[in-house]
Amino acid sequence: MYKDKDRYLNILLISPSILAVLIFIYGFIAWSVRVSLSKWKGLTPDYTWNGLKNYIDLFADPRFAVDVKNTLIFTGVFVFGCLILGFLLAVMLDQGLRGEGFFRSLFLFPMAISYIVTGVVWRWLMNPATGSRTSGLNLLFTYIGLDSWVNAWHTTPKWGMAAIALAAIWQMSGYTMALYLAGLRAIPHELKEAARIDGANEIQIYRHIMIPLLAPVTLSALIILGHMSLKVFDMIVAIAGKQLQLDVPAIYMWQATFDGLFYARGAAIGILLLVSVAILIIPYMHYTLKTEGQT
Amino acid sequence: MNFIRRNWLYVPLVAMAVFYLIPTYVMLVTGFKSFEEVDLKTMWNLPRGIAFDNYIEAYNKLSPSLRNSFMVVIPSTIISSILGSINGFVLAKWKFRGADFIFPLILFGMFIPYQSIIIPLVQFMRAIGISGLPSLAMAHIIYGIPITTLTFRNYYAGLPQELLEAAKIDGADMLGIYRHILLPISIPSFVVVLIWQFTAAWNDFLFAVILTGNQQWPVTVALNNMAGSQIIAWNVQMAGSLLAALPTLLVYIFLGRYFLRGLLAGSLKG
Amino acid sequence: MNKKLIALLSLLVIASMALTACGGGAATEAPAATEAPAATEAPAATEAPASEAGQVEVFSWWTGGGEAAGLEAMQAVFESQYPDIEFINAAVAGGAGTNARAVLATRLQSGDPPDSWQGHAGQELIGTYVAGSQIEPLNDLYEAEGWLDVMPETLIPLISQDGNIYSVPVNIHRANVLWYNPALLADNDVEVPNTIDEWFAAMNKLQAAGVQPLALGEQWTKLHLLETVLLGTLGPDAYNGLWDGTTDWGSPEVRIALENYATALSYANSDSASLTWQDASQLVVNGDAAFNVMGDWAEGYFRELGKVPNTDYGWAATPGSDGVFQFLSDSFVLAVGAPDPDAAVAWLKVAGSKEGQEAFNPVKGSICARTDCDKSLFGEYLQSAMDDWSTDIVVGSLTHGVVANDSWKTEIDTALGLFLADGNVDNFQAALVAACSSSGACQ
């Protein structure tokens, strides 16, 4: 099928990456697992065996329960918001309008701003004060007569994380748009032309041809956005400060490790994050790789 | 396409543009205000005067670090993108045994929370004797490999196999296929990857502050330090953030030219 | 049409920024070049101490505003007294040093300590670094410099462990300060409250008149409020007992304090969770709220806003704590294994000296840890704070690292977060008892 020389070349080309990944990722993960099974608390490393106690404690920890709930809300809103918005923007910009470059750069621009500053600006915008101290977006809504849109944003009990996800969508949907635009541009023109000749309208073309062909792009976007939503830390702290109602595992991990010196607990939270991602992503990947092999 | 039907697209586009511009407006306007004017109540108000003081002060504080940022970000972006492209090519188009195992292996590395590995990272870098800006560039390259590999691999997986078959029949080997066929049509994917890597490396704070000492800080650390810890001057901070975002924005504008249409048009014929 | 032009302009802008950065970059490399000659002069240390050569790397989180200016002023004093020692300012910003402490922890784990670093005097330093054997005791230095005579007696035990003093406090901030808007109080015929009950009565009156009684900000400011209410309810002795195990966290007295705390919270603004401490304190000087409980760095902020003491804002001890000074202090330590211990000690001498503290504190907006600083250098509020510092009973702050080590404080903070979510005082008290047993003095 392919030459032997090529097979050795394959291995040669890919081995630096594999080596780097083995050390810098799996080696360090192994260290982190070891710490999570220890009693390390305080500056001095303490590898005394502690079994799974840190993990068991986390499952009984009310703060961790809040974290999990918040992550689910945030991830759901953020990932789907970005995917849908990014896709729609890409479709709109793919139509060959004048000024495409301007809009494209405008939608991408938020990603260039540091997360902390984005967080601060959105914290101002989402200020929930009422009465004479109304400000931010609420004030804007009252100016233009959309009083019913005035709400408590991220201080809303239970669903406040969705508002923070809005800020994250603002920052990242431009990138999702770029991913979809690249994917759309890679689809041969002839396919669309052929379908149009066959009498399909635009919506059918998108539903039956474009979106399925964009599946690998959607997978990329899903994974990238998913991993971001698990790691996001700076922005949430910039918007919410370190408060329990809007806590997520990444913040808890930082606070436990560096503010509280609970190194073992921090490591356990990190490993749990990894495991939760694995549970979600691996089956999806397995399914995708299998179906790819069939085309 | 119908002229009138296409132009109504501008309505939702402009509406979205407003959504993206509102926070930018607040940043811009705050960047021109004096310290006393920064107040939640007056965030929408235009500044009393357009004084560039904040921008000048921010520029003076940030410019020494800009060089450090460029020295780290440009090489690490290019190298990690190239590595990603090669990995993606090998993993997507040459189905050797284990390809479908190695890809998730590399990919999984993307999810590691950086806070949990900074201690072993610092110790490892010290052990191998690499420090300062080179160590930061190395970290960005290595931790960028999973995501660049992912993007390229999925992009290449979506390309028709006929392209490669045709080339193989013509006698091309792997390198030849990569150089002459894949690379030219990879450009939109390179754009996406370069944008991501540049932004991630440019805006990274955690690795930057941990791996570099205070003479070698990139611009993100300088920006953070400009804020101060207790009483924060948001007017200067916003001005500084816009300045720090400028190189990244210019990269986006520059790379955006390469979102070309129909790269595959004609490649199936003949 | 303009894409090429934009691309060209962009390249020009990037190039010019890069060139300027190169110019700036070259400048920052110059100090590194002058290190080499200084290092080779080290053997000449047998000369008079003033001509010691070396370098001292001082790690802090003072990077902006008054903090950075204060550090630079103290650095100037240092450089005039020790011209041959190079001062390396390794500061990393982040509220309460959260970033700096993470960087410091990774450096200490890798065996690469700076010579000296900033920390909050008290258990934050002791519980972390002494327990990790990372800082040296400084009793000899204190004796040699005569600091035991000029620092308040009640301070020394709070920054020591087993008789060893571990840090040199540079400044003192007060945590138990009640800021108020004089006009709002006068308009509503409300006196400045002395006790907690008077405070609640005053806030009731204000609330009835439609005035926001209390301004609060994000979670840590509520922890700050908690410690002042604990102090105001329990009094200094029982308050101190909380931190050395003699006061039971589960006792009825503590329960009353927690109930007072819950009541105080009920007078706070509804958007508190989205405000920083700055935003919250600003409400008082803007006339949008009557009271705010915050440390006296708020005073520096008010003055930066152009506000006038006693006209735009007034201050008093938090209700129930008159005559008690709840302090926090930024201080410097001597690292175990410091690359240049002599230079580090030289820095500590300056930090504890009258000149150093007089240079630093007026600019920073705090008062000297020494009681012999020149009062005329300070503004109106700071002068009153200096009087209180030398006469009041001194107790330590919780939020700012004096009385509880980092682990304990984090657990208290988590307990507080849960309480803010569900308002259940019983659970709160139980969680505080648990925190004391797991990380605190009740172990």
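All of the numbers you see were taken from the coordinates with simple rules; none came from a lab. In this text, all values refer to a predicted model and were calculated from it rather than measured experimentally. Note that each Cβ is placed from the backbone with ideal geometry, even for glycine, and that neighbours are counted across all protein chains shown.
Springs between Cα atoms under 10 Å define the GNM used for chain B, and in it the highest mean-square fluctuation of B:VAL221, B:VAL38, B:VAL72 occurs at B:VAL38.
For A:LEU22 and A:LEU52, the FRET efficiency from 1/(1 + (r/R0)^6), where r spans their Cβ atoms and R0 equals 30 Å, is about 0.70. Comparing B:LYS93, B:LYS61, B:LYS41, which has the greatest mean-square fluctuation in the GNM of chain B with Cα pairs linked when under 10 Å apart? The residue that fluctuates most here is B:LYS41. Ignoring aspartates and glutamates fewer than eight residues from A:LYS192 along the same chain, the ones with Cα atoms less than 17 angstrom from its Cα are A:ASP94, A:GLU202. Reported to the nearest whole Å, the Cα centre-to-centre distance from the stretch B:167-243 to the stretch C:271-334 is 41. For the stretch A:255-269, putting each phi into the Karplus relation 6.51 cos²θ - 1.76 cosθ + 1.60 with θ = phi - 60° gives couplings of 5, 5, 6, 9, 8, x, 6, 8, 4, 5, 5, x, 5, 4, 4 Hz, in residue order, rounded to whole numbers and with x for Gly and Pro. Straight-line cross-link partners of A:LYS53 among the lysines, defined as a Cα under 16 Å from its Cα and at least 8 positions apart when in the same chain: A:LYS39, A:LYS41. Relative to the longest principal Cα axis of chain C, at what angle does helix C:380-391 sit, 0 to 90 degrees, rounded to 10? So the inclination is approximately 80 degrees. By the gyration tensor of its Cα atoms, with a ≥ b ≥ c the square roots of the eigenvalues, what is the shape of the protein assembly as shown: rounded for a/c under 1.5, prolate for a/b over b/c, or oblate? It comes out prolate by the Cα gyration axes.
Cross-link reach is defined here as a Cα-Cα straight distance under 20 Å, omitting same-chain residues fewer than 8 places apart; for A:LYS69 the lysines meeting it are A:LYS158, A:LYS231, A:LYS242. Converting phi to 3J(HN,Hα) with the Karplus coefficients 6.51, -1.76 and 1.60 and the offset θ = phi - 60°, the stretch A:30-43 yields 4, 4, 5, 4, 4, 5, 5, 9, 10, 10, 5, 9, x, 5 Hz in sequence order, with x at every glycine or proline.
The C-alpha atoms of chain C define a longest principal axis, and helix C:425-439 lies at about 30 degrees to it.
The alpha carbon gyration tensor of the stretch A:83-177 gives principal lengths a ≥ b ≥ c with a/c of 1.5 or higher and a/b greater than b/c, which makes the shape prolate.
What the Cβ-Cβ distance of C:GLU145 and C:ALA209 gives, at R0 = 56 Å and to the nearest 0.05, is a FRET efficiency of 0.55.
Under 17 Å from a label point set 7 Å out along the Cα-to-Cβ vector of C:ALA430, the amide N atoms of the stretch A:51-92 belong to A:60-65. Put simply, the amide H of A:ASP94, placed in the peptide plane, has no neighbours under 5 Å, leaving out anything fewer than 5 places away on its chain. If I build a Gaussian network model for chain A, linking alpha-carbon pairs within less than 10 angstrom, which residue out of A:LEU140, A:LEU72, A:LEU230 has the largest mean-square fluctuation? Top of the fluctuation ranking is A:LEU140. Considering helices alone, the calculated mean residue ellipticity of chain C at 222 nm is -16000 deg cm²/dmol, with DSSP H runs of length four and up weighted by -39500 (n - 2.57) and normalised per residue. Across peptide A:218-225, the average count of Cβ atoms from other chains found within 10 Å of a residue's Cβ is 4. Once both labels are positioned 7 Å from their Cα atoms along Cα-to-Cβ, the gap between B:TYR258 and B:ALA166 label points is 2.3 nm. Using the Karplus relation 6.51 cos²θ - 1.76 cosθ + 1.60 with θ = phi - 60°, the per-residue 3J(HN,Hα) values for the stretch A:110-126 come to x, 5, 6, 8, 5, 4, 5, 5, 4, x, 5, 4, 5, 4, 5, 4, 8 Hz, with x marking Gly and Pro. With a simple spin-label model that places each label point 7 Å from the Cα along the Cα-to-Cβ direction, the separation between B:THR42 and C:ASP197 comes to 4.4 nm. Overall shape: oblate for the stretch A:37-294, with the ratio a/c of the largest to smallest alpha carbon gyration tensor axis at 1.5 or above and b/c at least equal to a/b.
Taking label points 7 Å from Cα along the Cα-to-Cβ direction, C:GLN161 and B:ARG126 give a separation of 2.1 nm.
For the stretch C:209-238, backbone nitrogen atoms closer than 12 Å to the point 7 Å from C:ASP187 Cα along Cα-to-C-beta are found at C:209-212.
Backbone amide hydrogens, once placed in the peptide plane, bring C:GLN326 within less than 5 Å of C:ALA175, C:ASN176, C:VAL395, excluding anything fewer than 5 places away on its chain.
The calculated FRET efficiency for the pair B:TYR10 and A:ILE282, based on their C-beta separation and a Förster distance of 35 Å, comes to about 0.20.
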